[in-house]
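Step one of this worksheet: look at the structure below.
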Amino acid sequence: MAGVTPHLNPFKANWLMRVGTLVVAGYILYAFSNMGLNFQRMAIGMEHAERLLSRMFPPNFERWELLLHDLMESLQIAIIASAVGIIISLFVGLFAARNLMPNIISAPARVIIAICRTFHPVIIAILFVKSVGFGALAGILTLIVASIGFIAKLFAEAIEEISLKQVEAIRATGASFVSLILFAVLPQVFSRFIGFSTYQLDSNLRNSTMVGLVGAGGLGGTLFSAFQRFDYDFVTAILLTIIALILLGEALSNLVRRVFSS
């Protein structure tokens, strides 16, 4: 019938999709065989896992003072790194917004964000441990870098999506650039910035235990030492402590959201 657009099926199969599916499936099978993954190896792994679990329970909390000390250190690392990282990200993200800044400013800021996002926190932690030594300082610096890579990127993208009508209205009054940011830009992205920040706080709480595996402070170092000593019941106690830390972080994130949303 004239004037009627035929129904188009975006998921209609074609030869290219079929070939691509076969290539992906073939590569997966090749990767399994190349790495020696088979049912026999999985069965052996399950036997080892059963023996490991039998040695992990019940958990041993006799060294609760050490656990409490490392828990507090991980919490302090995460909170300090989050606070500093959020403040720095606020400026870096603002400078990286291409709709507010010229390329001579936004391009270097985006390079900084890209560098912060390039490496995994464990790799960054190793570099800082080699630079400033073992301990909490290396962990704090690591998580500051991770915070900038995440928050600044999303904050810059949020600024680029704002309505410029408010910006033009404030600019027409002859307001300064600082007033422009405070009264035209931040009100449009503040709620999203709080969301980014609370998520990063939760992420930093998890990563604060992970960077300790390479000597950057927190529970991770104690966990690594317990594994080396085959002290598996103490390992379970540490893992339960880490779970408690993550739940605490979730509660803190929810509290921050309620405070700023009210």
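The values are calculated or read from the model by the stated rules, or taken from the named source; none is laboratory data. Please read these numbers as outputs of a predicted model, since none were measured by experiment. Note that each Cβ is placed from the backbone with ideal geometry, even for glycine, and that neighbours are counted across all protein chains shown. For accessibility, only protein heavy atoms count, side chains too; no ligands or nucleic acids. Shrake-Rupley method; radii C 1.70, N 1.55, O 1.52, S 1.80 Å.
Can you pull the percent of the chain's accessible area that's carbon plus sulfur, 1.4 Å probe, other chains left in place?
Working: 11310 of 16120 Å².
Ligands and nucleic acids excluded, carbon and sulfur reach 70 percent.
Looking at the range 132-231, which trypsin sites (Lys or Arg not before Pro) are in a loop (DSSP not H, G, I, E or B) and have at most 16 other Cβ atoms within 10 Å?
On the way: sites: Lys153, Lys165, Arg171, Arg192, Arg206, Arg229; in loops: Arg229.
Within the range 132-231, the qualifying trypsin sites (Lys or Arg not before Pro) (loop, at most 16 other Cβ atoms within 10 Å) are Arg229.
Mind sorting out which of [x] 70, 61, 38; [y] 54, 38, 36; [z] 55, 40, 33 is the real Cα extents along the principal axes in Å computed from the coordinates?
Answer label, from the structure shown: [x].
With springs connecting C-alpha atoms under 10 Å apart, model the chain as a Gaussian network and identify which of Ala31, Ala81, Ala107 has the largest mean-square fluctuation.
Checking each option, the largest mean-square fluctuation is seen for Ala31.
Would you mind counting up the charge near Met72? Only other residues with Cβ under 15 Å from its Cβ, with Lys and Arg at +1 and Asp and Glu at -1. Could you put the intermediate results ahead of the total?
Values: positive: Arg63; negative: Glu65, Asp70, Glu73.
Spelling it out: positives minus negatives among the neighbours equals -2.
If you roll a 1.4 Å probe over the heavy atoms of the protein chains, what accessible area per residue do you get for the range 137-199, in Å²?
On the way: 2950 Å² over 63 residues.
Result: 47 Å² per residue.
What shape does the range 144-238 have by the C-alpha gyration tensor, where a ≥ b ≥ c are the square roots of the eigenvalues, rounded means a/c under 1.5, and otherwise prolate means a/b greater than b/c and oblate the rest? Please report the intermediate quantities before stating the final value.
On the way: a/c = 5.40, a/b = 4.37, b/c = 1.24.
Here the range 144-238 falls in the prolate category.
Would you look at the GNM of the chain, springs on alpha carbons closer than 10 Å, and say which of Tyr30, Tyr232, Tyr199 moves the most?
Tyr30
Determine the per residue accessible area of the range 87-134 with all protein chains present and a 1.4 angstrom probe, expressed in square angstrom. Don't skip to the end; give the middle numbers.
On the way: 2980 Å² over 48 residues.
Averaged over the residues of the range 87-134, the accessible area is 62 Å².
Report, in order of residue number, the helices in the chain meeting two criteria: a C-alpha extent of 27 Å or more along the helix axis, and a mean Kyte-Doolittle hydropathy of at least 0.0; treat each whole DSSP H run as one helix. Show your work: numbers first, answer last.
Values: long enough: 15-34 (28 Å, 1.15); 64-96 (46 Å, 1.68); 186-210 (35 Å, -0.16); 232-261 (43 Å, 1.47).
Span-like helices in the chain: 15-34, 64-96, 232-261.
Taking only Cα atoms and a 10 Å spring cutoff, compute GNM fluctuations for the chain and point out the largest among His120, His69, His48.
Checking each option, the largest mean-square fluctuation is seen for His48.
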